[in-house]
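Asks: Can you keep this structure in mind? I'll have questions shortly.
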Amino acid sequence: MSDRRKALIFISFTCPVCASYSSQLVTWSKTMPPGWEAEFIPVVQPDKESVMAGSAFYAALRADPARLGDFLSNAFSAIQDRNMRMADGKTWAYIAERARIRGFGQAAAQITAEPLQRAYGKLDLYRIDATPSVAIAGQYVITPDSVNGDNNLFFQLANGLISRALG
């Protein structure tokens, strides 16, 4: 499927900048123009921790997509503030419980390798080397570093690139 009308938001649960941008990214993701969609993509590498994190992310998304923001904020807090281990299934069960994700366990049991492989493929395709990164319209990739960490300018740039892609 083409990314021509998408904003792909790459995040890592160990990234403090992702944690600080998380709630704004969730809010921004809901403001896409008609015909556009925003999609969060966890950084998935071939290691147990990121595979577990990615699987938990996709389980939460499958079980209750409306609670994704709560899942993300609880995940960042658990991993970064409480030093919980990403490779421990109990960590993700705790995060899902705190985020009030119903059906998380059942959804987790149904996650296959496909979304993880797709996430890894997108990471490679867009050459993501910093998070958060937003790939817009399959053409542009921006990070907070693109605007010297200026939060407001970051979202202005993202919106401007979407407008440009619309034109």
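Asks: Can you pull out every residue in segment 15-29 that is within 20 Å of A59 (Cα to Cα) and either loosely packed, with under 12 Cβ neighbours inside 10 Å or of a type in the set (S, T, N, Q) (or both)?
Replies: Within segment 15-29, S22, S23, S29 qualify.
Asks: Within segment 108-142, work out how many residues are under 15 Å from the mean Cα position of the chain (by Cα), farther than 22 Å from S73 by Cβ, part of a helix (DSSP H, G or I) and among the aliphatic types (A, V, I, L, M).
Replies: Qualifying residue count, segment 108-142: 2.
Asks: Okay, next question. Surrounded by fewer than 17 Cβ atoms within 10 Å (Cβ to Cβ) and assigned to a helix (DSSP H, G or I): is that true of G105 in this structure?
Replies: So G105 passes the test.
Asks: Now for a separate question. Could you list all residues from segment 21-63 that are polar (S, T, N, Q) and within 13 Å of the chain's Cα centre (by Cα)?
Replies: Those that are polar (S, T, N, Q) and within 13 Å of the chain's Cα centre (by Cα): S22, S23, Q24, T27, S29, S50, S55.
Asks: Is it the case, given these coordinates, that Y120 is aromatic (F, W, Y) and farther than 21 Å from K48 by Cβ?
Replies: No; evaluated as a whole, the condition is false for this residue.
Asks: Something else about it: Assuming P33 fulfils every condition listed in (1) part of a helix (DSSP H, G or I); (2) surrounded by fewer than 21 Cβ atoms within 10 Å (Cβ to Cβ); (3) in contact with a Leu (Cβ under 7 Å, 6 or more places away or on another chain) apart from one, which condition is it?
Replies: All conditions are met except number (1).
Asks: Looking at the structure I just gave you, is Q80 in a helix (DSSP H, G or I), touching a residue at least 40 places away in the same chain (Cβ under 8 Å), touching a Pro at 6+ places or on another chain (Cβ under 9 Å) and within 28 Å of L157 (Cβ to Cβ)?
Replies: In short, yes.
Asks: Yes or no: I41 buried (at least 20 other Cβ atoms within 10 Å of the Cβ) and part of a strand (DSSP E or B)?
Replies: yes
Bear in mind that the values in this text are calculations on the coordinates, not laboratory data. On a predicted model such as this, the values are computed, not experimentally measured, just so you know. In this analysis, Cβ positions are derived from the backbone assuming ideal geometry, glycine residues included, and neighbour counts consider all displayed protein chains.
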